[in-house]
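Here the structure is laid out as structure tokens; the discussion comes afterwards.
The values are calculated or read from the model by the stated rules, or taken from the named source; none is laboratory data. Model, not experiment: these values are computed from the prediction. Quick reminder, even Gly has a Cβ in these numbers, built from the backbone with ideal geometry, and neighbours come from all protein chains shown. These accessible areas exclude ligands, DNA and RNA; they are computed on the full protein's heavy atoms, side chains included. Shrake-Rupley method; radii C 1.70, N 1.55, O 1.52, S 1.80 Å.
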Amino acid sequence: MHTSASDGTESPEAMVRRARALGFCALGIADHDTLDGLPAAESAARSEGLEVVPGVEINTDYQQREVHVLGYYPNLAHPPFLGLLRRLREGRTERLQRMLARLEEAGLPLSLERVLALAAGGPVGRPHVAQAMHERGYVRSIKEAFERYLGLGRPGYVERYRVTPQQAVEQILDARGVPVLAHPGLVARDELVVELVEVGLKGLEVYHPDHKPADVRRYLELAQRLGLLVTGGSDCHGPAAGRPALLGSVRIPYVLLEKLKEARVRLAS
Ligand code: AMP
Ligand code: ZN
């Protein structure tokens, strides 16, 4: 899930407490392009008696599509990896200024300070712009903001610095993390999974709120065929305008986490 360290609306501590209340024993935190939510999540989890699975999510560019690559258990002090995340965050800030100029041209001015305040010092993204648009009454929901203004080809859409999925996998491995392809059902390019396995992809996020039972079956089979780990998550971004909090909507058996941890140990040695 994503916390307020990136584009989630809840603090890492609040998410840990909610996971506890929902009966979880472990939860994965994978903010976009930052590891900054992890220390607070880990200290909250220690006092609540939960286990945090530390991670990060990198949104990459593959043939004009968004492909999200998760990295679990990366070395949190690996300079090249931290450098990549920093470069990705800087690219987000550069893009924001161009996005706001485009939206202003379209008659939808927004305050740069307000959007940055919504990002609260973390990596700024389109969800923060959508939230600011909703506050100003330009749209009725976050979904509408994406559909009308912020999605690919829409008036407020601007490219940002991104790496390829292959580069993300390689960089995560270099940081001794376990690379996992997030929500493959939203990518719908199964041939990419095979290409990524060739560069070291280790897992597939089979369980996700947007995966239908048929998707789950297909990706379970694919994971088995390619020898990939199976992971899952709610992709919760906290409660937000037009979007319910998804935490708790996906539960996976602990044995899958045990396998992830075994892979981590193999990669570290
Ligand atoms: P960014 O990384 O700034 O380009 O924003 C991408 C993020 O926006 C994704 O990770 C999702 O969290 C969110 N997002 C993308 N499409 C939509 C949508 N149609 N509705 C709501 N949120 C979306
Ligand atoms: Zn994602």
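Couple of notes before you dig in:
- Within the set Asp215, Asp174, Asp190, the sole residue that is away from ligand 2 (no atom under 16 Å from the Cβ), surrounded by 15 or more Cβ atoms within 10 Å (Cβ to Cβ) and of a type in the set (Asp, Glu) turns out to be Asp174.
- Residue in segment 44-63 that is in contact with a helix residue (DSSP H, G or I) (Cβ under 6 Å, 6 or more places away or on another chain), more than 16 Å from ligand 2 (Cβ to nearest atom) and in a strand (DSSP E or B) present: yes
- Test: Arg225 is without any contact (Cβ under 8 Å) to a residue 24 or more places away in the chain, basic (Lys, Arg) and open to solvent by 70 Å² or more (accessible area, probe 1.4 Å): yes
- Given (1) without any contact (Cβ under 8 Å) to a residue 60 or more places away in the chain; (2) outside the structural domain of Leu220 (by TED's automatic domain parsing); (3) among the hydrophobic types (A, V, I, L, M, F, W, C), index of the condition Ala188 fails: (2)
- Tally of residues being in a loop (DSSP other than H, G, I, E, B) and either within 16 Å of ligand 1 (Cβ to nearest atom) or surrounded by fewer than 24 Cβ atoms within 10 Å (Cβ to Cβ) (or both) across segment 64-82: 6
- Residue check, Glu159 at pLDDT 95 or above and either on the phi < 0 side of the Ramachandran plot or not assigned by TED's automatic domain parsing to the domain that holds Leu260 (or both): no
- Given (1) open to solvent by 70 Å² or more (accessible area, probe 1.4 Å); (2) not assigned by TED's automatic domain parsing to the domain that holds Met99; (3) not aliphatic (A, V, I, L, M), index of the condition Arg140 fails: (2)
- Test result for Ala130, among the small types (Gly, Ala, Ser), within 30 Å of Pro253 (Cα to Cα) and within 16 Å of ligand 1 (Cβ to nearest atom): no
- Restricting attention to segment 213-245, the residues that are aliphatic (A, V, I, L, M), within 16 Å of ligand 1 (Cβ to nearest atom) and farther than 22 Å from Val53 by Cα add up to 2.
- Residue match in segment 146-167 (condition: farther than 22 Å from Val69 by Cβ and aliphatic (A, V, I, L, M)): no
- Matching residues, segment 83-117, being within 12 Å of ligand 1 (Cβ to nearest atom), under 21 Å from Thr34 (Cα atoms) and either of a type in the set (A, V, I, L, M) or over 23 Å from the mean Cα position of the chain (by Cα) (or both): Leu88, Leu96, Val115
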